[in-house]
Amino acid sequence: MTNHQSPVDENRLLDCFAELHNLVKIPRTGWIMAGVREPEAVSDHCYEAAMMAYVLRRYIAEPVDMGKVLTMLLFHEVGESRLTDLPRRGSVYVKQAKGTAESAIVRDVIGDVAPELLETLEEFHRRETIEAKLAEACEELQILFAALMYAKERNGDLTEYRLDVAKYDSYGIEIADKLAKLVGTKLDEYLGDAKYWELGYRRQ
C-alpha cells in the first residue's frame, strides 16, 4: 500500500465514501430476475466473497498476498456505484463497453483517493496471479453459494444456477472446486425435479 503525504481533503474523501455507499443500496439484478425477494446488495456479494477467500487461503500451498486478495474482492465492483448492476442476460449486449465504462468509473470515483487500487484491479481482471485466481474463484463461488441459500429458503427460481455450477471455473483452486461441487449437490437436493425455463437468452 502507498501512504500519501499530501494534504487531506476531507470533502473529497466524503464524496468518495458517499459514492461507494451506493453499493450498499444497489441490489444484484440477477437475483431480482430469478424472483428472489429482498436480494443481496452488491456490497454483500463483495464482503461474502472476501470472507470466503480469507478462509480458503488456508488450503493453498503456495504463498498468497491476502491483503491484495481482500482488496481485489472488496473493490472489484466499484464501477457499479455509478453504472449499477447489470444482469448477464443484458451484459452480453454491452460487454466491451461495460468493461471500459467500469474502469473509467473506478478512476473517477476512487483513483485519486487510492490510486494503487487501479493496478490491483487490473491484476484482478487479468486473472494471472495466484491472488487474482483466488479472488475470481471466490467471486464466482459466492454466487453459487448465494443461489444455494436462496434455494434453501425457497426464495426465487434458482434452477438456472445449476448451469453455473456445471461451468464453474476454480482457476486451479482445488478447495474452491470441491466446494462448488458440494454446492451443486445440495442445490439439486433443494430444487429436486424443478426444470429450468430458459428466458432472456434467445438470440436471432
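The values are calculated or read from the model by the stated rules, or taken from the named source; none is laboratory data. Please read these numbers as outputs of a predicted model, since none were measured by experiment. No Cβ is skipped: glycine too gets one built from the backbone with ideal geometry, and neighbour counts run over all protein chains shown.
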Condition met for ASP169 (within 26 Å of GLU19 (Cβ to Cβ) and not aliphatic (A, V, I, L, M)): no
Scan region 113-142 residue by residue and report those that are farther than 16 Å from GLU62 by Cβ and of a type in the set (Val, Ile, Thr). VAL113, THR120
Answer with yes or no whether ARG58 is over 17 Å from the mean Cα position of the chain (by Cα), more than 22 Å from PHE17 (Cβ to Cβ) and part of a helix (DSSP H, G or I). yes
Screening GLU116, GLU102 for residues that are crowded, with 20+ Cβ neighbours inside 10 Å and not hydrophobic (A, V, I, L, M, F, W, C) leaves only GLU102
In the list ALA135, ALA114, ALA97, which residue meets the criterion of being assigned to a helix (DSSP H, G or I) and over 17 Å from the mean Cα position of the chain (by Cα)? ALA97
So, in region 143-179, how many residues would count as being small (Gly, Ala, Ser), in a loop (DSSP other than H, G, I, E, B) and closer than 24 Å to ARG58 by Cα? 2
Log entry, pairs with first residue in region 169-180 being in contact (Cβ under 8 Å) with a residue 60 or more places away in the chain and within 12 Å of GLU139 (Cα to Cα), second being of a type in the set (S, T, N, Q) and not in a helix (DSSP H, G or I), beta carbons closer than 6 Å, six or more apart or on different chains, reads ALA176/SER170
Can you confirm whether region 56-70 contains a residue that is touching a Lys or Arg at 6+ places or on another chain (Cβ under 6 Å), buried (at least 17 other Cβ atoms within 10 Å of the Cβ) and under 24 Å from LEU117 (Cα atoms)? yes
Could you say which residue among LEU199, LEU148, LEU163 is at pLDDT 95 or above and farther than 20 Å from ALA41 by Cβ? LEU163
Among the residues of region 75-99, the number that are buried (at least 17 other Cβ atoms within 10 Å of the Cβ) and more than 24 Å from ALA34 (Cα to Cα) is 1
